[in-house]
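Please treat every number below as a calculation from the coordinates, not as lab data. Fair warning: this is a prediction, and the values are worked out from it, not measured in the lab. Cβ atoms come from the backbone with ideal geometry, glycine included; neighbour counts cover every protein chain shown.
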Amino acid sequence: MSELNKIAMKLISSGKGILAADESNGTMTKRLEAVNINSTSENRLLFRETLFSSESMREYIGGVILYDETIRQKTKSGKSISDLISSSGALPGIKVDTGAKDLANSHEEKITEGLDGLRERLKEYYDLGARFTKWRGVYNITEKYPSKLAIHSNAQALARYAALVQENNMVPIVEPELLMDGDHSAETCLIKTSEVIKKCFEELILHKVDLSGIILKPNMILSGNQSKEKISSEEISKKTLECINNSVPTEVPGIAFLSGGQSEIDATENLNLINKNNNTKFIMTYSYGRALQQGALKVWSKNTKDVQATQNIFNHRAKMCSLAALGKWSKELENK
Ligand code: 13P
């Protein structure tokens, strides 16, 4: 096993998954203001520190993706956030893209930026404790989108990013996210997601990326949030597995899904069925942001000093996601 493969396996094996706590200050401000909390750097740290010092970190979280601000912050006792995460046995990771901008000549689409100076930034993040990274390409689904241009340019950026990350001895999470916004069918999501992922691998291979040392972070196959189509979790799991089977090379150790705006329970139930029906050789786990943090954030916002109440909610959610990553979750367990 290569060192990179060992890191990847540590992040996703044995029912562990990834906590995506890498919301940019802009996104985190929206999340905090929605629960009437001021988005100061102290408050952002306080919430995240509360999660990262939870008991469930040891058993259920293989790694935490951080934002640039957070990886530089220290706890009240003077410990770095990377050390706090490492002390629970999880690995610190870092989002390294600088965001999605309008794509020239296709202004309704996005291209993710951040390649300039990336090699130097990666060295600094490694020294700050990061052992894995994330870059998110984002695509909308309509009749004409994603365009070939968006598919190609984002795949190339993801591959250039992944090659640089491996050069710096870290595992790149490759995240192509097709948004659930829109009225498209699940079948359309399947076709378009497969096309995007295939192109990503074409570019990753061209850039000589070691596929055994990456983690793919895709969306599940869902119908659009404005669609009239009602699709069951069973169908979601089957279509998602079909997509992974037809587009991901077998060297890849695992898939860590994003939650993408699904409720906590939906994201858990769908992952559980994906694992129950898993006919692939891939580990299938979670790299959730909202679906791991929503409930905890709500409780925390009521009393930011009540660490235990917040951690209880987070511990439960992480445990449910972990059971789903093993195909052992059931709805009844939610109420225990
Ligand atoms: P969600 O699970 O909230 O979609 O966030 C995951 C993520 O990292 C998006 O880039």
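List of remarks:
- Across the chain, C-alpha contacts under 8 Å between residues 6 or more apart give a mean separation that, scaled by the residue count, equals a relative contact order of 18 percent.
- Amide H contacts of Leu91 (H built 1.01 Å from N, under 5 Å, at least 5 apart or other chain): Gly63, Val64
- Computed magnitude of the charge dipole of the chain (debye, nearest 20; Cβ of K, R +1, Cβ of D, E -1): 740 debye
- The 3J(HN,Hα) values that the Karplus relation (6.51, -1.76, 1.60; θ = phi - 60°) gives for region 167-184 are, in residue order, 4, 9, 6, 10, 8, x, 8, 9, 10, x, 10, 8, 5, 7, 4, x, 10, 6 Hz. Gly and Pro appear as x.
- The ranking of Val307, Val174 from fewest to most other beta carbons within 10 Å of each one's beta carbon is Val307, Val174.
- 3J(HN,Hα) along region 19-33: 8, 8, 10, 9, 4, 5, 4, x, 5, 5, 4, 4, 5, 6, 5 Hz, from the Karplus curve 6.51 cos²θ - 1.76 cosθ + 1.60 with θ = phi - 60°, whole Hz, x for Gly and Pro.
- Candidate aspartates and glutamates - alpha carbon under 13 Å from Lys101, same-chain residues fewer than 8 apart omitted: Glu109, Glu113
- Each peptide in 82-88, 287-293 gets a packing score, the mean of other Cβ atoms within 10 Å over its residues, and the list from highest to lowest is 287-293, 82-88.
- MRE, 222 nm, helices only [DSSP H, n ≥ 4, -39500 (n - 2.57), over the chain, to nearest 500]: -14500 deg cm²/dmol
- Positive-end residue, region 198-336 charge dipole about Cα centroid, Cβ charges, pick of Thr240, Asn277, Gln294: Gln294
- Leu333/Glu229 FRET efficiency (R0 30 Å; Cβ-Cβ; nearest 0.05): 0.55
- Gyration tensor verdict on the chain (Cα atoms; rounded if a/c is under 1.5, prolate if a/b is larger than b/c, oblate otherwise): rounded
- Toward the positive end of the charge dipole of region 72-174, with +1 on the Cβ of Lys and Arg and -1 on the Cβ of Asp and Glu, the farthest Cα among Ser88, Leu103, Tyr161 is that of Ser88.
- Thr133 long-range amide H proximity, modeled H, under 5 Å: Ile94, Val171, Ile173
- Database remark: amide H of Tyr288 closer than 5 angstrom to the amide H of Ile18, Ala20 (H placed geometrically; neighbours at sequence offset of 5 or more, or on other chains; Pro and chain starts carry no H).
- Whole-number percent relative contact order across region 23-140, with pairs defined as alpha carbons under 8 Å at least 6 apart: 22 percent
- Applied to region 266-275, the Karplus parametrisation 6.51 cos²θ - 1.76 cosθ + 1.60 on θ = phi - 60° returns per-residue 3J(HN,Hα) values of 4, 5, 6, 4, 5, 5, 4, 6, 4, 6 Hz, with x for Gly and Pro.
- Percent antiparallel among DSSP beta bridges (both partners in the chain, rounded to 5): 20 percent
- Taking the Cα centre of region 19-161 as reference, the dipole from Cβ charges on Lys and Arg (+1) and Asp and Glu (-1) amounts to some 200 debye.
- For region 224-302, the number of Lys pairs with C-alpha atoms closer than 22 Å, counting only pairs eight or more positions apart or on separate chains, is 9.
- Approximating the spin labels as points 7 Å out from Cα along Cα→Cβ, the Thr142-to-Ile265 distance works out to 3.4 nm.
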